[in-house]
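What follows is calculated from the coordinates using simple rules that are stated; it is not laboratory data. Here the structure is a predicted model, which is why all the values come from computation and not from measurement. Methodologically, a virtual Cβ is constructed for each residue, glycine included, from the backbone with ideal geometry; neighbour enumeration extends over all protein chains shown.
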Amino acid sequence: MTVTATGLALFSARYFSLNPAVFLPGQVVVYAAHLGPLLLHVVGGVTALAAGPWQFWTGLRARHPAIHRAIGRVYLVAVVAAAAGGLLLAPLSMGGPLAHVGFGVLAVLLLLTSAAALVSILRRRIDAHRAWMFRSYSLVFAAVTFRWWLGLAATGLPFEQVYAVGAWTSWLIDLLAAEFLLTAIGRVRTAARPRPAGS
């Protein structure tokens, strides 16, 4: 996860050049006309992608909680930027209404899950905070899953159709994976708890 997320973050950083040659084909005109939202989305997305994996490193949380909190603040600001840019760009995306709504829902869910993570930690609900961070980062990681999904176009399927469906499947797959992991972790923790004497 860390390697692929960091790799995509570095690859996406080419957008900072503002060179239309690096923009997604078919979106060159849209991106060139909306550089503000594009940069907001890219800066936030790149930062959240790169920062997120470190928040799951148990050793960092235990030994350097101040660094964990600092990275968390950076992550949350980045998420807001990525989601805001995404909401502004969603109605302009390829793939028609299906893609517009898919990307829009992704941005809203990213804001909601991240806000829930923040509220949970402010209330010192550590387990809930971790669970919401799982969900939040799974939605950020949809940027990676979406690129993998676009590979289906190599099978001969129409690119715009693959793109539009990917606007939904990329984050749905990730969110389902997060819920599966959370359930598995919960079962392991329950099994590891000492049982009361005589039970």
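Note on region 2-191: dipole from Cβ charges, positive end direction compared against 129, 108, 154; the farthest Cα belongs to 129.
Which whole DSSP H helices in the chain pass both tests: a Cα extent of 27 Å or more along the axis and a mean Kyte-Doolittle value no lower than -1.0? Helices meeting the span and hydropathy rule in the chain are 65-89, 96-122, 159-192. Taking only the Cα atoms of the chain, the ratio Rg/Rh comes out at 1.03, with Rh defined as the Kirkwood radius.
Within region 108-199, the ratio Rg/Rh, alpha carbon atoms throughout and Rh by Kirkwood, equals 1.18. Between residue 108 and residue 160, the simple label model (points 7 Å from Cα in the Cβ direction) yields a spacing of 2.5 nm. What you get for the chain, charging only the Cβ of Lys and Arg (+1) and of Asp and Glu (-1), is a dipole of about 1100 debye around the Cα centre.
For a protection proxy built on the mean count of beta-carbon atoms within 10 angstrom, sort 144-151, 14-21 highest first, please. Write down the numbers at each step before the final one.
Values: 144-151: 16.1, 14-21: 11.9.
Order by mean packing, descending: 144-151, 14-21.
Between residue 148 and residue 119, residue separation times 0.36 nm minus the direct Cα-Cα distance comes to 7.2 nm.
Fully extending the segment from residue 69 to residue 13, taken as 0.36 nm per residue of separation minus the present Cα-Cα distance, adds 17.7 nm.
Entry note, region 1-136: relative contact order of 20 percent, from Cα contacts under 8 Å with a spacing of 6+ residues. In this simple spin-label approximation, residue 30 and residue 60 carry label points 7 Å from Cα along the Cα→Cβ vector, and these lie 3.3 nm apart.
Between 184, 167, 13, where does the largest GNM mean-square fluctuation fall for the chain, given springs only between Cα atoms within less than 10 Å? Top of the fluctuation ranking is 184.
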